[in-house]
1. Scan the range 91-111 for residues that are out of contact with any Leu (no Cβ under 8 Å at 6 or more places or on another chain), part of a helix (DSSP H, G or I) and touching a residue at least 60 places away in the same chain (Cβ under 8 Å) and jot them down.
2. Determine whether the range 13-24 contains at least one residue that is in the same structural domain as Leu112 (by TED's automatic domain parsing) and in contact with a Phe, Trp or Tyr (Cβ under 6 Å, 6 or more places away or on another chain).
3. Keeping to the range 210-228, report how many residues are touching a residue at least 12 places away in the same chain (Cβ under 8 Å) and not in a helix (DSSP H, G or I).
4. Of all residues in the range 153-169, which are over 20 Å from the mean Cα position of the chain (by Cα), surrounded by 15 or more Cβ atoms within 10 Å (Cβ to Cβ) and assigned to a loop (DSSP other than H, G, I, E, B)?
5. Taking only pairs six or more apart or across chains, which ones have beta-carbon atoms under 7 Å, a first residue in the range 178-192 that is within 28 Å of Gln160 (Cβ to Cβ), and a second residue that is part of a loop (DSSP other than H, G, I, E, B)?
6. Within the group Glu231, Glu265, which residue is under 15 Å from the mean Cα position of the chain (by Cα), within 26 Å of Ala51 (Cα to Cα) and among the charged types (D, E, K, R)?
7. Going through Lys196, Lys123, Lys172 one at a time, which residue ends up being assigned by TED's automatic domain parsing to the domain that holds Thr303, part of a loop (DSSP other than H, G, I, E, B) and not hydroxyl-bearing (Ser, Thr, Tyr)?
8. Within the set of pairs 6 or more residues apart or between chains, which connect a residue that is among the acidic types (Asp, Glu) inside the range 67-88 to a residue that is at pLDDT 85 or above with Cβ atoms less than 8 Å apart?
Amino acid sequence: MRFAIITHVEHIQVDNSFYGYAPYVREMNVWIKYADKVSIVAPLDFGKNTAIHSKYEHKSIQFVPIPEMNLLSIKSILKSIIHTPKTSWKIYKAMQNADHIHLRCPGNIGLLGCFIQILFPNKPKTAKYAGNWDPKSAQPLTYRIQKWILNNTILTKNMQALVYGEWKGNSKNVKPFFTATYHEKEKINIQPRILKNTIHFLFVGSLSKGKRPLYSIQIVEKLAQLGFNVELKMYGEGKERENLIKYCELNHLNDIVKFNGNQTEFVVREAYKENHFLLLPSISEGWPKVVAEAMFWGCLPITTSVSCLPYMLDGGDRGLFLQMNLSFDVDQIRIIISNQELYNDKVIKSILWSRKYTLDLFENEIKELLSP
C-alpha cells in the first residue's frame, strides 16, 4: 500500500532521516507500519532533532517538501497565496499516486487537502481532526470549512474522519476516536499521592496564550498566599516564556515556579508519576494527550471544560474543571487538597479510565481502518 500523508506539521531532515514533533510522529509510526511506501507532504527544514522530536520509522519514505502556510501577517498571507498553486499541485500528485490518503487537520495545509481530496472520490481516505470538533465552539472560518467538507458525504467520499468526542449532526464520514501514548505492558501499580508537605503542580504544553500558562502560575501563587506549601513545574517552550519569567521575578515566585523547558517523553512521564496535579487552563483542545497521560500515572487533571474534556473527566468525577475565576477556582482546589479521600477517589477513577486507551488498542483500531 502506498500511503500519502498531507500535514502542516513542520519536519526536519538529519542526514537521510526525517523528524517531527514527537507525539505526532509516534502516532504516525503506527499508521505507516501497514504501508509499503510512504509519501509525506509537509514543510521541511534542515537542523538538529531536539528533545521534542522523534524519527519516522519506515524503510521507504518519499518526502515532498512544501512551504509553511500561515495567515498571521500580511507578508505571510501574500507568501501563502503565491505558493498555493505549486503546493496544491504537489498535494494532488501525492494523492494521485497513493492507495490511501491521510489528512491531518485542522491547518492550512489540511484545508488545501480537504478541497483536493474531493477529486479522488474512489480512493480510501482517513483524516485525523486533532482539534475541537464541537460544532458550538467558536473557531476560525478555515477550521469550520474543513469540518464541513469532511462531514459532507456529497463532496467527500470513502472518508473516515477521526474526531474527539461524539457530537450531533455527524454524518457517516465521521468516527469518534481517541489517541494513546502507553502500552498495555506499562500498566504498573500506581497509588494516589499523599497530600502533605509540598503540594506539587505540573504544567505540560506550549508556553503560549492559548494554553494560558500564566493562569496556572496565578493559581499556585494564590495558594501560596493562603499558606499552602506548593510548587509548580512547567514543561514546554513558547513565546510567552519571557513574560512568564518576568511575572515570577516581579512577584517573587522563583522559589515555587520552575521552568524546565522542552524535555523528553521519559522525563515528562516521571514528572506525571511524582506530581499531585496537572494544570491545563487551555482555551481550546482536541483530545489533550497530556491530560490522558497524567491520568494514566495518577496525576489529577485540573482543566477547562472544552471539547471532549467533560467526557474524559466524566463531568468532574475524574478531575476538576476551571471556571477561569481565580478566587472560585482556588477555593475548589483547596477543597480537594484538604480532603485526601476525595482526592484518592478522583485519582483512582482517572487511572482506571485512562488505562482503557492503550497503544495496543489504538494500533488495532488503526489496522482496522486501513483494512481493504
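1. Hits for the range 91-111 are Ala94, Asn97, Ile109.
2. Taking the range 13-24 first, the residues in the same structural domain as Leu112 (by TED's automatic domain parsing) are 13-24.
From the residues that got through so far, the ones that are in contact with a Phe, Trp or Tyr (Cβ under 6 Å, 6 or more places away or on another chain) too are 13, 18.
There is at least one residue in the range 13-24 that is in the same structural domain as Leu112 (by TED's automatic domain parsing) and in contact with a Phe, Trp or Tyr (Cβ under 6 Å, 6 or more places away or on another chain).
3. Restricting attention to the range 210-228, the residues satisfying the condition of being touching a residue at least 12 places away in the same chain (Cβ under 8 Å) are 210-224, 226, 228.
If we keep only those that are not in a helix (DSSP H, G or I) too, we end up with 212, 226, 228.
Residues in the range 210-228 being touching a residue at least 12 places away in the same chain (Cβ under 8 Å) and not in a helix (DSSP H, G or I): 3 in total.
4. Of all residues in the range 153-169, those over 20 Å from the mean Cα position of the chain (by Cα) come to 153-159, 168-169.
Next, only the ones that are surrounded by 15 or more Cβ atoms within 10 Å (Cβ to Cβ) stay: 155-159.
Hits for the range 153-169 are Leu155, Thr156, Lys157, Asn158.
5. These pairs meet every condition: Phe178/Trp287; Phe178/Tyr357; Thr179/Trp287; Ala180/Tyr357; Ala180/Thr358; Tyr182/Thr358; His183/Thr358; Glu184/Thr358.
6. Of Glu231, Glu265, the one residue that is under 15 Å from the mean Cα position of the chain (by Cα), within 26 Å of Ala51 (Cα to Cα) and among the charged types (D, E, K, R) is Glu265.
7. Answer to the selection: Lys196.
8. Glu68/His8; Glu68/Glu10; Glu68/Pro43
The values are calculated or read from the model by the stated rules, or taken from the named source; none is laboratory data. Remember, predicted model here, so these are calculated numbers, not experimental data. Reconstructed Cβ throughout: ideal geometry from the backbone, glycine too, with neighbour counts over all protein chains shown.
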